[in-house]
């Protein structure tokens with residue numbers, strides 16, 4: 001599975017690449033029913049809840065569970081090209 005995505009435009013030489021080697025999912029979204037001039041690119045470790053569905057938090061798949069005082073590290077990178 002690809003672990004990076006690049007967004008570019010035919011109107012500008014700029015491009016943005018998001019690399020997320022330790023994340024399993026990628027969310028792409030913007031505010032619905034608007035002409036919002038942006039696109040959110042979010043690496044996700046687990047999937048969000050489904051609309052209008054209430055799920056027990058402990059039953060969600062792909063969550064990272066930490067013991068009290070535990071630590072979790074993850075990295076991802078955003079690179080802008082063409083400036």
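Over the chain, what is the relative contact order in whole percent, taking alpha-carbon pairs under 8 Å and six or more residues apart?
For the chain, the relative contact order is 36 percent.
Please arrange 5, 64 by counting, for each residue, the other beta carbons lying within 10 Å of its beta carbon, fewest first.
So the ranking, lowest neighbour count to highest, is 64, 5.
Between residue 16 and residue 44, what is the label-point separation in nm under the 7 Å Cα-to-beta-carbon projection?
About 1.8 nm separates the two model spin labels.
Please work out the ratio of the alpha-carbon Rg of the chain to 2.2 N^0.38 Å and round it to two decimals.
1.38
Only the coordinates and a few stated rules stand behind these numbers; no lab work does. This one's a predicted model, so the numbers in the text were calculated from it and none came from an experiment. Neighbour counts run over all protein chains shown; Cβ positions are idealised from the backbone, glycine included.
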